[in-house]
Every structure is written in C-alpha cells, then in structure tokens.
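Student: Let me begin by handing over the structure; questions about it come next.
Laboratory data are not the source of any read-out in this text; all were calculated from the coordinates shown. Quantities reported herein were computed from a predicted structural model and do not represent experimental measurements. So basically every Cβ, Gly included, is an ideal-geometry build from the backbone, and we count neighbours across all protein chains shown.
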2 protein chains.
Amino acid sequence: MAAYSGTSRPPWQKKDRTRTDAYRDAIFMHTDAIRDKVVVDVGCGTGILSIFCAFAGARKVYAIDASDIAVQAQEVVKANGLSEIITVILGRVEEVDIHEQVDVIVSEWMGYMLLYESMLPSVICARDRWLKPGGLILPSHATLYMAPITNAERYADSIDFWRNVYGIDMSAMLPLAKQCAFEEPCVESITAENVLSWPVVIKHIDCSKVTIQELEVVTTNFCVSSMMMASLHGFAMWFDVTFGGQNSQEFESAGESPQDSPPASDYESMALNLRRRRGNETLVLSTAPEENPTHWQQTILYIYDPIEVTQDQVITGSITLAQTRENPRFLNIHLEYSSGDRRCVKESVMR
Amino acid sequence: MAAYSGTSRPPWQKKDRTRTDAYRDAIFMHTDAIRDKVVVDVGCGTGILSIFCAFAGARKVYAIDASDIAVQAQEVVKANGLSEIITVILGRVEEVDIHEQVDVIVSEWMGYMLLYESMLPSVICARDRWLKPGGLILPSHATLYMAPITNAERYADSIDFWRNVYGIDMSAMLPLAKQCAFEEPCVESITAENVLSWPVVIKHIDCSKVTIQELEVVTTNFCVSSMMMASLHGFAMWFDVTFGGQNSQEFESAGESPQDSPPASDYESMALNLRRRRGNETLVLSTAPEENPTHWQQTILYIYDPIEVTQDQVITGSITLAQTRENPRFLNIHLEYSSGDRRCVKESVMR
C-alpha cells in the first residue's frame, strides 16, 4: 500500500518528543555513571542516544545497529565531531565483536505493547556478552500493564453504525464488522476516562536479570473491579520503563506469582504503589493513557460483545502473550475474561 | 502490523458519507432510467447501491461480488425484504453468468488516484458481456487530474526536522529521510491552498467506450504556470466521476492528444471548462483538494528537492502510469518535470 503519513515509518523516523526527552534526561541524570566510562548503544538508529552519552562525558561509545541506518549514524557522528568517542558498528549485537567490557548499556528497545517486535533480546545478549558486573542498563526496568476499558465512541463508529445505514437495516453486517474491526489488536490512543480500573501488571522486567526464555511466554491472572457503571468494550495494554533505581524489589515480593489469583484489593494496592513511584527521583517514561501521548499509543484488545458492568463489579481472567513458533515476529494473545455471568475467550494475533 | 484505526480496512468498511451520498443522489436522479429495468451492481460489497436501485424502482438487480462479503449482502437484502428484486451472486464478473441483458450498470470501482487497485476492468467486462446498446453506466465518466503543490509544513516535518535535532546536526540523515518519506506515493489530505496551478487532465475515461488495453499505460504531457511564488514540493493527483450526461465530447476534441504539448493556456482553459461543468445538472463526485474530504484523499508524489518558483513560472513535464508486469496490483509512476533550469525524473511504485 502507499505510504500513509503517520504510519509504517521506520522507528528512527518516529519523532517522539516524549521519548527522546526521557532518554536525554535519563542519560544526563546518570552523568556520574557515564563520565569516563564505556557505553554500548544497542540498536542505535540515528545515533542520538550515543551522542547524548558522549555529551554526558562517556570515554567511549559503541553504537550498534543491524540496519543500514548505521551508515547515516556514522555520518551524523562525524558531522558533530564525535568520531573519536563514538564507534558506529553495522551488524547484529549477537554477531559483532567489541574488545572490551562496558560499564553502561543504553537502548531504546521497546515495541508496541512493550514486547511486540521488541529489541530486548539484543539488550540481553549485549548484557551477557559485555556488561561488567553491576553495570548500568538504561532503562533498567520495564512493566507491562493492562486494564479494562470502555470506548463507546469507537464501538459505535465501527459496529453500531451498521444497525441503520441510510435507513437500511444492515445489522446482518455486524458479525463481519466485529471480526474485521476487532480481530487484531488495535494501536490507538485512549485517555484516562476510558479506563475502568486500576491497571494489572502483566509483566515486570528487571533488565539486569531477565532471560530470553522468560519472554517466550508471559502470562498473568487478573482480578479488578470497575470504578464505574459502563460498557466493558475491551482491555488496553501499555507500559512504562524506569531509568535507574533499585526498586524492582517490591514487584518481586508482591506480584510475581501470576498463577494464583489474589483478591482485587491486592492488585489495586500494587497499582497504587506504582503510581507513587513516579513522585520519587526515579525517571519514568510512561505510555499510560493519562500521560503525554507517544508513538506507542496504547494497544487495545476489543471484545466482540460489550459487557455492562456496575460500579465495583469484579472482572477476572487471564492473559497470555506468546511468541509464535512459525513466525517469531508475531505475538499470540490469549485472553480469558469473565464478569457477572459472562465468560469469554478471545484469541488474537499481533502480526 | 496491528490494526490501526482508520487505515487498511476493507472497502465496505470505509464509511464515506460524501461517496455514499453521491451514489444515492445519482441513483435517485436516474429513477426514469432505472424504474422497471434490470441493473447489475459490479462489486456490490454490502449491497447498499443495489438497495438504492431497488428503492428507485428497479425490476431486477444482480449484485455481484467476488469476496465473501456477498454472503452478508445476501443477509442484508433479506433483512430488508428485497430478496425478490435483488439476486446476490458470489463470484467474479468475468466468470459468473446472468441470463439476460441489463439496462444499467452501477459500480463503485474507483481506487486511490482512480486507477490504483481499481475495479474498472470488471465494469468494462460487465458492460461488454451484458449491457444493452445505449444502456446507462453509473458513473458514466471519470477524470484523473494532477497539479503541482507546495506543502512546506509536511516537508519541514519530514525533512527539515533533521537539520537540527536537540542541537545535534543530523543533516546526514537528509538523503535517507527523503527516500523513506517520499519514495512511494503518499495518500494524504491537502487543501486548495496547497495547489499551485489549475489541474492537468492525466486521463479522461468514458465508461461506455474505454477498453482494458488503454488503461495499461496512461501518459500525458503537462505545461502549467504557478499562480504564486512558492516552493514546489510535489504533484498531487485526484479524480472526479460524473453520473450520466453526455459531456465527454469536449474532452475528445480538446484533450485527447497527450503526446503533443500545447501551451499552458490551452490546458488552463480546459480545466476551467471542467469547473464550469459542475454548475450544470450533471452530478459530480470529486476528490479534489477544495472539496469535502473523502477516504480517497489525494495521492501525492513528493519530489526530493523543492524548486523555488515565482508567480507565472512555467512547470512542464510528463507523467506515465503503467501497470507492472510482475504484479498487476502495482502501479509504476514515471514523472518528469522541469522548471527554470531544473529538470528531474522521479520513478516510484504504488504497491
């Protein structure tokens, strides 16, 4: 299809001020850890994060990218007089060699809903190959969230529309319309008003410890209660990443047993803790509905038939994200949810 | 990629009020030609045009679609009590049989820039197989236009951005940025303010006469003069279709020798004629920048390096649209343009 403005651009073309601001601030906030040290930038793109690291006083930066963008990054580095500090390497982190250990890894690896087409496996590889014990990884932690949402406008526009088109009863279109509009996950922007409950943590990642194996299948149970009377139209996912800080502990004690289903109140207090963390010194880049929009927006799984929920009504279920065997680019999503007397399963594929 | 709201939906899901209004008005304007007659709807989708024809008094409507949407169309027809009048046929126009001649063909066949993934070949096939001599085709005529445009905002956002990113000289990115942003045609909305001259007619189509062969390669020379001092950033294409009327004559006398290059003034008067036609009784569905937006928007070929033009400066060139041999879904676009002392060629593919 032709190039539509605003979609399908290469990642380095996504001019996302919120994202770049967060990385710049994070790098300058860690000047003490970067000054006179060796940094590797995994998936450097245009080289902008490497340049921020050079400005923050790095002795040496290895900027690695597997795509031809590395050629331009090399030119950018040269044009800014940083060739002595930044070495651009065209190749895969898994295959290239750098002949020293590094103090810092910086990378903008996050995909849609954090894990879709993410470069986290390359960061893990770089960490295991080159990072000194106790070295810094920016971002240091990532968390994927989910919450039930209501979105009457979107639903009306896509589905209810067909009930009456120019006075013609087109409700025979509804099943196909639902399938076409909502079969795949939607990358869209919603606002805090759409969100029905405190978010559930689907996965918390400590970048210093996470393994490639534990990313293959991510699963969690959830139990939340609706904050209002509304139509439940689907579930939204978003993420945040934090730069530095040693605050992964609270997750490990509170939330890492996704197979049991604790009461809603437990999950809520965990979500509240998360929100309070943002008031601390730790820098957070959040793609939540209540924050500044980013190119990641939110990823939404719409359900075919809305469920009417009352205030405090409990919504339970489980979600599993799994890399597909046939195409590692795809992500299988298995969602089970129930509320009141309704119990449903939705399978979808992010491709 | 995941389903983004607003793109990549099946055609029947494009809820384009301007388009559906035009077809509804055109069908009811031709009630005299439709009442008690036999109609074929080529690529019927949801069946809405067939239903309009039934409302306009058609004795029989054959609604043909090669996709499974025909199953839903059948249900819609039934739900509206029109099964006696409308027969839905799942299959290709080229392969199915209807056992009588028809009085009217109705079809919404137009693709992006009119000819990209258009269903016009199926309309031609239906015409040659089934239409009675002198029968009505809705729309009856189609015209593809082109004009030079200026779009500083879009250019600045995609290209000039790289000159200075957070104080970093990223102009080494410019060649790649231009290639990524502007290599393929862009489907975007512009306004009349972006357009630098009266439009050139690339191709006029009389649906009662056009052949499949003459659509394989469409080519025209152009010579226009800029109405203002501006940066020429590219060329926009759009189209209109007319419903009924016998006004193709003026094209056949004035514009069907695209190989010679008449002076700019000739082309301009032709464009003015076209505009005046809209004041007549003929119904026009236009996708021009100055009209209500449609899902077709405009298709824009951006050029890599803007040309500064003064008022009345002449811009000449030629454009050729050709179906590719390897994949008939693709459209090769060969654009040559010159103004002042600048002369350029741009090859692109709409895929």
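Student: With everything on Cα atoms, drop me the angle between helix B:17-29 and the longest principal axis of chain B, reported from 0 to 90° to the nearest 10.
Tutor: 40
Student: Then there's this: What residues have an amide H closer than 5 Å to that of residue A:58, excluding those fewer than 5 places away on the same chain, when H is modeled at 1.01 Å from N in the peptide plane?
Tutor: Answer set, sorted by chain and number: A:36.
Student: Cα axis of helix A:69-79 to longest principal axis of chain A: angle in degrees, 0 to 90, nearest 10?
Tutor: The two axes meet at around 50 degrees.
Student: Could you tell me whether the stretch B:83-172 comes out rounded, prolate or oblate from its Cα gyration tensor? Rule is a ≥ b ≥ c as square roots of the eigenvalues, rounded for a/c under 1.5, then prolate if a/b exceeds b/c, otherwise oblate.
Tutor: It is prolate, given that a/c is not under 1.5 and a/b is the larger ratio.
Student: Hey, what's the Kirkwood Rh for the stretch B:1-109 if you take every pair of different alpha carbons, in angstrom?
Tutor: Value: 14.3 Å, from the Cα pair sum.
Student: Show the residues, 5+ positions off or on another chain, whose built amide H is closer than 5 Å to the amide H of residue A:198.
Tutor: Those lying under 5 Å, H to H, from residue A:198 are A:225.
Student: Hey, can you grab everything whose amide H is under 5 Å from the amide H of residue A:170? Only 5+ residues off in sequence or another chain; H modelled, so Pro and N-termini drop out.
Tutor: Counting only residues 5 or more places away or on other chains, the set is A:164, A:165.
Student: So, one more: Mind pulling the angle between the C-alpha long axis of helix B:120-130 and the longest principal axis of chain B? Nearest 10 degrees, somewhere in 0 to 90.
Tutor: 30
Student: GNM on chain B, C-alpha springs below 10 Å: top fluctuator among B:29, B:237, B:173?
Tutor: Checking each option, the largest mean-square fluctuation is seen for B:173.
Student: Still on this structure, please answer the following. What is the projected area of the convex hull of the Cα atoms of chain A, averaged over all directions, in nm²?
Tutor: 19.5
Student: In addition: What is the sum of charges around residue A:213, taking Lys and Arg as +1, Asp and Glu as -1, for the other residues whose C-beta is under 15 Å from the C-beta of residue A:213?
Tutor: 0
Student: Straight-line reach only, C-alpha to C-alpha below 18 angstrom: list the lysines that residue A:37 could link to, leaving out same-chain residues fewer than 8 apart.
Tutor: A:60, A:132
Student: Can you tell me which lysines have their Cα less than 24 Å from the Cα of residue B:178? Leave out same-chain residues fewer than eight positions away.
Tutor: Partners within reach: A:14, A:15, A:78, B:346.
Student: In the P(r) worked out for the protein assembly as shown, what percent of Cα pairs fall beyond 50 Å?
Tutor: Distances greater than 50 Å cover 25 percent of the Cα pairs.
Student: When the dipole is taken about the Cα centre of chain B, and only Lys, Arg (+1) and Asp, Glu (-1) are charged at their Cβ, what size is it in debye, to the nearest 20?
Tutor: 620
Student: Of all DSSP beta bridges located in chain A, what percent are antiparallel, nearest 5?
Tutor: DSSP beta bridges in chain A are roughly 75 percent antiparallel.
Student: Go through the stretch A:94-101 residue by residue and turn each phi into a ³J(HN,Hα) via Karplus (6.51, -1.76, 1.60, θ = phi - 60°); whole Hz please, and just put x for glycine and proline.
Tutor: 5, 10, 7, 10, 10, 9, 7, 7
Student: Hey, what did the stretch B:1-147 get for relative contact order, percent, Cα under 8 Å, at least 6 apart?
Tutor: Rounded, it is 21 percent for the stretch B:1-147.
Student: From the helices alone, meaning DSSP H stretches of at least four residues, give me the mean residue ellipticity at 222 nm for chain B, per-run term -39500 (n - 2.57), in deg cm²/dmol to the nearest 500.
Tutor: Result for chain B: -6500 deg cm²/dmol, rounded to the nearest 500.
Student: What is the Cα centroid distance between the stretch B:43-77 and the stretch A:19-73, reported in whole angstrom?
Tutor: 59
Student: Rounded to the nearest 5, what % of DSSP beta bridges with both residues in the protein assembly as shown are antiparallel?
Tutor: Beta bridges within the protein assembly as shown, antiparallel portion: roughly 75 percent.
Student: Let me ask you something else. If you plug each phi of the stretch B:153-168 into the Karplus form 6.51 cos²θ - 1.76 cosθ + 1.60 with θ = phi - 60°, what whole-Hz ³J(HN,Hα) values come out, in order, with x for Gly and Pro?
Tutor: 4, 5, 5, 4, 5, 8, 10, 4, 2, 6, 5, 8, 10, 6, x, 9
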